[in-house]
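The values are calculated or read from the model by the stated rules, or taken from the named source; none is laboratory data. Since we're looking at a predicted model, the values are computed, not measured. We place every Cβ from the backbone using ideal geometry, glycine too, and count neighbours over all the protein chains shown. Remember, those area values only see protein heavy atoms, side chains included, never the ligands or the DNA or RNA. Shrake-Rupley method; radii C 1.70, N 1.55, O 1.52, S 1.80 Å.
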Amino acid sequence: MTAPTVEAGPRPTAPAPQRQKPRRTGGMARSKRREAIALVIPSLLPILVLSVAPLLVGVGLAFTDARLVRNPEYTFVGMDNFVRLADNSFFWDSFRIGMIWAVSVTLLQLVAAMGLALLLNSDLKLQGLTRVLALIPWAMPPVVVAIMWRMIYSPNAGPLNAFLGSVGLPDDVNWLANFSTALPAVIVVGIWVGMPQTTVTLLAGLQQIPDELHEAAAIDGANAWRRFTAVTIPSLRPIITSITSLNFIWNFNSFSLVYVLTEGGPGGRTMLPMLYTYLEAFKNRNIGYAAAMGVVLVVVVVLLLAIYLWSQFRQDRDSTGK
């Protein structure tokens, strides 16, 4: 007796996996973008209101004959202010003086700050106090610094002339009113004011240089000067480039220090371009003409900033090898 055969039916198949619905990444991206904009706007508004808007207004005034009067009436004059400025020998002379000032102060600041940074990086007694004292010129307001140095340079009761008289040198020099000494005297003040900032930056770079590099150079027979030129300077080159470029831009835009010291005198020997623009705007009341000067100076500063950014980009590219 045989068992009955059972016909095999179709095997049950597993249910097909359901396709997952694609995530709505577009909505999430838009939401994150809105959040980012909401976070940026509070910091962006002051820049737009206090920097961009006045800049645009100044550029617009450069093409008018605006004057600083009670009821001003502006007339569009096109490029007349710039044509007039091209023939203004006093402005271009102030530009030349500004370049002398910026280059001299920047380079001498770097040399003096390098020496002070090397000194502060050594094992000094009361090192913390010494570093704090080195920052005093940076912490003082420029107007206070200018008043203090005017007292030092005073031809009658200034300590500088008193010291010169005590060692048998001429003690009646009017440092800020003499044609030959006014600009060097102002440059000395500019170096003294800006040196702490450069010193702190270089000191931070010196502390990042491994001691092993100096020890290896000393073992190879390198003296102190050779170690400075072969180890210290190459290690600080990116910092030196950055701080020198920024210092040059800041020094070129100097105003308050020279204004309080000399007001551009004597005879325009210390007339920086920013100071000349200020006097043209608020003393001669030629707002439109002064705005044209400001546009020229902005273009110069932008070019300097572009050179600085290009040098930084090149250094970053060289360091990464790309």
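Given H placed 1.01 Å from N in the peptide plane, which residues other than close sequence neighbours of Leu176 have an amide H under 5 Å from its amide H?
When sequence neighbours closer than 5 places are left aside, there are no close amide H contacts.
Please name whichever of Ser51, Leu85, Leu305 sits farthest to the positive end of the charge dipole of the chain, dipole taken about the Cα centre and charges placed at Cβ: Lys and Arg +1, Asp and Glu -1.
It is Ser51, whose Cα lies furthest towards the positive end.
In the chain, once you exclude exposed GluC sites (Glu not before Pro) (DSSP loop, at most 15 other Cβ within 10 angstrom), what's the longest stretch remaining? Mind dumping the intermediate values first?
Details: sites that count: Glu7, Glu73, Glu263.
With GluC sites (Glu not before Pro) excluded where exposed in loops, the chain gives 74-262 as its longest stretch.
Starting from the Cα gyration tensor of segment 194-280, take the square roots of the eigenvalues, sort them a ≥ b ≥ c, and report rounded, prolate or oblate (rounded when a/c is under 1.5, otherwise prolate if a/b is larger than b/c, else oblate). Can you show the working numbers first?
Numbers: a/c = 4.28, a/b = 3.39, b/c = 1.27.
Because a/c hits 1.5 or more and a/b exceeds b/c, segment 194-280 counts as prolate.
How do Met293, Met195 rank by accessible surface area computed with a 1.4 Å probe, from largest to smallest? Spell out each step's value before the answer.
Working: Met293 0, Met195 40 Å².
Final ranking, largest accessible area leading: Met195, Met293.
Is it possible to state the helix-based mean residue ellipticity at 222 nm for the chain, with each DSSP H run of 4+ residues giving -39500 (n - 2.57), the sum divided by total residues, to the nearest 500 deg cm²/dmol? What is it?
On the way: 15 runs with 211 residues, N = 322.
Value at 222 nm, helices only: -21000 deg cm²/dmol.
Whole number in Å², please: accessible area per residue of segment 235-285, 1.4 Å probe, ligands, DNA and RNA not counted. Show your work: numbers first, answer last.
On the way: 2170 Å² over 51 residues.
Value for segment 235-285: 43 Å² per residue.
Each residue of segment 166-181 in order: what ³J(HN,Hα) in whole Hz does its phi give by Karplus 6.51 cos²θ - 1.76 cosθ + 1.60, θ = phi - 60°, with x for Gly and Pro?
5, 9, x, 9, x, 10, 10, 7, 8, 4, 8, 10, 8, 4, 8, 10
Based on Cβ point charges of +1 for Lys and Arg and -1 for Asp and Glu, what charge dipole magnitude is obtained for segment 91-274 about its Cα centre, in debye rounded to the nearest 20? Walk me through the numbers before you get to the answer.
Details: 8 positive and 9 negative charges, 38 e Å.
Computed charge dipole of segment 91-274: roughly 180 debye.
Provide the packing ranking of 36-44, 111-119, i.e. peptides ordered by the mean count of other C-beta atoms within 10 Å per residue, highest first.
Values: 36-44: 9.7, 111-119: 17.4.
With the highest mean Cβ count within 10 Å placed first, the list reads 111-119, 36-44.
Based on alpha-carbon centroids, what's the gap between segment 61-82 and segment 181-240 in Å, whole number please?
When both Cα centres are located, 49 Å separates them.
Could you rank the peptides 270-277, 45-52 by their average count of other C-beta atoms within 10 Å per residue, with the highest value first? Mind dumping the intermediate values first?
Details: 270-277: 23.6, 45-52: 10.1.
Packing proxy ranking, top to bottom: 270-277, 45-52.
What is the set of long-range amide H partners of Thr64 at a cut-off below 5 Å, with H atoms built 1.01 Å from backbone N?
Val77
Going by a ≥ b ≥ c, the root eigenvalues of the Cα gyration tensor, does segment 57-102 fall in the rounded group (a/c under 1.5), the prolate group (a/b larger than b/c) or the oblate group? Walk me through the numbers on the way to the answer.
Numbers: a/c = 2.75, a/b = 2.06, b/c = 1.34.
Taking the square roots of the gyration eigenvalues as a ≥ b ≥ c, segment 57-102 is prolate.
Using +1 on the beta carbon of Lys and Arg, -1 on that of Asp and Glu, and nothing else charged, what's the dipole of the chain about the Cα centre, debye to 20? Mind dumping the intermediate values first?
Numbers: 25 positive and 18 negative charges, 329 e Å.
The dipole of the chain has a size of about 1580 debye.
Within the set of other residues whose C-beta is less than 15 Å from the C-beta of Thr229, count the net charge using Lys and Arg as +1 and Asp and Glu as -1.
Details: positive: Arg226, Arg227, Arg237; negative: Asp220.
Here the count lands on +2.
Restrict the search to segment 152-191; then list the chymotrypsin sites (Phe, Trp or Tyr not before Pro) that DSSP places in a loop and that have at most 16 other Cβ atoms within 10 Å of their Cβ. Write out the running numbers ahead of the final one.
Details: sites: Tyr153, Phe163, Trp175, Phe179; in loops: Tyr153, Trp175, Phe179.
Passing sites in segment 152-191 are Phe179.
What is the gain in length, in nm to one decimal, between Trp250 and Arg131 on full extension, counting 0.36 nm per residue of separation less the C-alpha to C-alpha distance? Please report the intermediate quantities before stating the final value.
Working: separation 119, 0.36 × 119 = 42.84 nm, distance 2.33 nm.
Fully extending the segment from Trp250 to Arg131 adds 40.5 nm.
Report the trypsin sites (Lys or Arg not before Pro) located in segment 66-130 that are in a DSSP loop and have at most 11 other Cβ atoms inside 10 Å of their Cβ, or state none. Intermediate values should be presented prior to the final figure.
Details: sites: Arg67, Arg70, Arg84, Arg96, Lys125; in loops: Arg67, Arg70, Lys125.
Counting only loop positions with at most 11 other Cβ atoms within 10 Å, the trypsin sites (Lys or Arg not before Pro) in segment 66-130 are Arg70, Lys125.
Rank Thr106, Ala139, Ile37 by how far each Cα sits towards the positive end of the charge dipole of the chain (+1 on Lys, Arg Cβ; -1 on Asp, Glu Cβ) and give me just the farthest.
Ile37
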